[in-house]
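I have placed the structure first, in the form of structure tokens, so that the comments after it can refer back to it.
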Amino acid sequence: MTASTRKLPTARDKLIDAAMSVIRAKGYAATSVDELCAAAGVTKGAFFHHFPSKDSLAVAATGHWSEMSEAMFGAAAYQRLDDPLDRILGYLDLRRAMLRGPVAEFTCLAGTMVQEVYGTHPEIRRACGASIGGHAAGLQRDIALAMKRHRIRASWTADSLALHTQVVLQGAFILAKAKGETAVAEASVDHLRRYIELLFRRPAKAAKRKS
């Protein structure tokens, strides 16, 4: 596709992109329709042509966020690794590498919104839950395969561990916001990686002896 034939973003596309950016930076309640229109460079009339409310835009933005995340992680280099355990650890390594720049640029849209709206906006809560749960489901498949390959028999399940990874990551984002820096999030991902290696009884690398 040439530059001349490439599809240009519509007003709807621009509003969804604006929602993903502004809401992660300011939160859902603090973000107004006027701010979203300004960030998207569209009129309020265009907003209400595509979305009946800010809630409906939030739901659409969450769905788009999920699609983008699925595509990005699905195309990551670690997906080509043969051992499913290596793919799990590769996923965590990528999550850690993404912890750069302002906090709003690496935090999760679904995790940010659901903290605010879980008791007041059920449609957004369900969309956020589906987003986080769907992300965990992809990881759950590799965990189940890794348990079989490495002969892990345990009281915990692949589903529970997949969800636990999201608990740690979302908690790490919250702490990064609270402290205004990424080091605490990086340390949390490092702890999670070590924990998973212990669960799968991966032998520690031999330390190099000093000459």
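The values are calculated or read from the model by the stated rules, or taken from the named source; none is laboratory data. From a predicted model like this one, the values you see are computed outputs, not experimental measurements. Because the Cβ atoms are built from the backbone with ideal geometry, glycine has one as well, and the counts that use them run over all protein chains shown. All accessible areas refer to the heavy atoms of the entire protein, side chains included, with ligands and DNA or RNA removed. Shrake-Rupley method; radii C 1.70, N 1.55, O 1.52, S 1.80 Å.
Observations
- Total residues in segment 12-49, condition assigned to a helix (DSSP H, G or I) and either of a type in the set (Phe, Trp, Tyr) or touching a Ser or Thr at 6+ places or on another chain (Cβ under 8 Å) (or both): 8
- Any hit, segment 100-109, residues being open to solvent by 30 Å² or more (accessible area, probe 1.4 Å) and of a type in the set (S, T, N, Q): no
- Evaluation of Ile124 against (1) at pLDDT 95 or above; (2) out of contact with any Lys or Arg (no Cβ under 8 Å at 6 or more places or on another chain); (3) open to solvent by 20 Å² or more (accessible area, probe 1.4 Å); (4) in a helix (DSSP H, G or I) (one fails), failing number: (3)
- Some residue of segment 148-155 being open to solvent by less than 20 Å² (accessible area, probe 1.4 Å) and in contact with a Lys or Arg (Cβ under 8 Å, 6 or more places away or on another chain): yes
- In segment 157-184, the residues that are open to solvent by 50 Å² or more (accessible area, probe 1.4 Å) and within 20 Å of Asp86 (Cβ to Cβ): His164
- Of residues in segment 16-50 being more than 18 Å from Val103 (Cβ to Cβ) and within 20 Å of the chain's Cα centre (by Cα), the one most open to solvent (accessible area, probe 1.4 Å): Asp17
- Any hit, segment 82-99, residues being more than 30 Å from Tyr195 (Cβ to Cβ) and of a type in the set (A, V, I, L, M): no
- Checking the stated criteria, Ala76 turns out not to satisfy the condition of being over 21 Å from Ala97 (Cβ atoms), in contact with a helix residue (DSSP H, G or I) (Cβ under 6 Å, 6 or more places away or on another chain), in contact (Cβ under 8 Å) with a residue 12 or more places away in the chain and surrounded by 12 or more Cβ atoms within 10 Å (Cβ to Cβ).
- Segment 79-94, subset touching a Phe, Trp or Tyr at 6+ places or on another chain (Cβ under 7 Å) and among the hydrophobic types (A, V, I, L, M, F, W, C), residue surrounded by the most Cβ atoms within 10 Å (Cβ to Cβ): Leu85
- Residues in segment 51-73 that are assigned to a helix (DSSP H, G or I), free of Cβ contacts under 8 Å to residues at least 40 places away in the same chain, open to solvent by less than 70 Å² (accessible area, probe 1.4 Å) and farther than 18 Å from Tyr118 by Cα: Ala71 only.
- Count - residues of segment 89-110 that are over 16 Å from Gln170 (Cα atoms) and in a helix (DSSP H, G or I): 2
- Residue satisfying all of: in segment 128-185; among the hydroxyl-bearing types (Ser, Thr, Tyr) and assigned to a helix (DSSP H, G or I); nearest to the chain's Cα centre (by Cα) among these: Ser131
- Qualifying residue in segment 87-99 (condition: modelled with pLDDT of 95 or more, of a type in the set (Gly, Ala, Ser) and within 26 Å of Val167 (Cβ to Cβ)): yes
- Pairs where the first residue, in segment 187-203, is in contact (Cβ under 8 Å) with a residue 60 or more places away in the chain and under 13 Å from Leu175 (Cβ atoms) and the second is open to solvent by 80 Å² or more (accessible area, probe 1.4 Å) and basic (Lys, Arg), C-beta under 9 Å, 6+ apart: Val189/Arg96
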